[in-house]
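One structure below.
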Amino acid sequence: MVSRGAVVVLVVVLGVGLSVVPAAASDASVAKTLVITQKDAGSGYQASKASASDDLFPELSACVGTSVAKRKVTARAQGPDLTNKQDGSQISSSVTVVKTAAMAKADRVLVSDPKFPDCLAQIAKSHLASAGITDVSAQAVDVKKYGTFSTAIATSYSGTSNGQALQLTAVQVAIFKGRAELLDPFLTEGSQPFSQAEGQAVLDRMNQRLKKARI
């Protein structure tokens, strides 16, 4: 489904950066260990190559009223797209390592800003209009603490695809530890969000590696 694929691309909003500096081997190695794997998701999921992601970070920061002009990324990793074989729900993941702790702190401030959910909805609606999405709304939701800081935003997308009504719900979980920034979107068709218990179980498995990460 074209519209669903477009949404999958757009939910990965923190997995990209403005400027990339040569990656330290350790940064790249750590980033690869923190994506969500098929083993984390379980045998009910099928893995496929990760979708390419759009660079929405500059637009989001401008909408919130901050600048990311000096943000530097040292390493980046994307996990596979993991699709539930029964209901089609999808899990994806990305990890970005920024150059300094101060840059990571600035990114935490950005995603914690009260304006961030509305900015995300506004920008997503603009980018997805050509894919049939006509309405997007987003709000912060509760999430278990992972790393040094975690936050989550639930986003609802509605419109039409091939003449049929379309509704998708994404819960995007952002996790920070040191200089590492993890983004783990959970996407479902319809208005019902991804199972909180199942999503937390997946993140708990990944978190065993995050606890050991030195970044």
Discussion item. Counting only other residues whose beta carbon sits under 9 Å from that of VAL64, what net charge do I get with K and R as +1, D and E as -1?
Written reply: 0
Discussion item. Tell me which of GLY159, ALA101, SER89 sits at the most positive position along the dipole axis of region 80-172, charges placed on C-beta atoms (Lys, Arg +1; Asp, Glu -1).
Written reply: ALA101
Worksheet item: Over region 66-203, what is the relative contact order in whole percent, taking alpha-carbon pairs under 8 Å and six or more residues apart?
Response: 22
Worksheet item: Gain in length, ASP118 to ASP204, computed as 0.36 nm per residue apart minus the alpha-carbon separation, to one decimal in nm?
Response: 28.1 nm
Worksheet entry | Net charge over other residues, Cβ less than 13 angstrom from the Cβ of PHE194 (K, R count +1; D, E count -1) | -4
Discussion item. Less than 13 Å from a label point 7 Å out along the Cα-to-Cβ axis of LYS32: which backbone N atoms in region 71-107 qualify, by residue?
Written reply: 76-79
Item to complete: Quick one: of LYS70/LYS99; LYS39/LYS177; LYS125/LYS177; LYS49/LYS177, which pairs are farther than 19 Å apart, Cα to Cα?
Response: LYS39/LYS177; LYS125/LYS177; LYS49/LYS177
Worksheet item: With charges set only on the Cβ (+1 for Lys and Arg, -1 for Asp and Glu), what does the dipole of region 170-215 come to about its Cα centre, in debye to the nearest 20?
Response: 500
Practice prompt. Express the relative contact order of region 60-127 as a whole percentage, based on alpha carbon pairs under 8 Å and six or more residues apart in sequence.
Written response: 36
Worksheet item: With a 10 Å Cβ neighbour count serving as the proxy for reagent exposure, in which order, fewest first, do MET206, MET103 appear?
Response: MET103, MET206
Response to the item:
Taking every other residue with Cβ under 12 Å from the Cβ of SER29 and scoring Lys and Arg +1, Asp and Glu -1, one gets +2
Discussion item. Could you list PHE186, PHE149, PHE176 so that the one with the fewest beta carbons within 10 Å of its beta carbon is first and the one with the most is last?
Written reply: PHE149, PHE176, PHE186
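Just so you know, all these numbers are worked out from the coordinates, no wet-lab data involved. Everything numeric in this text was worked out from a predicted model, so none of it was measured. FYI the Cβ positions are ideal-geometry reconstructions off the backbone, even for glycines, and counts take in every protein chain you see.
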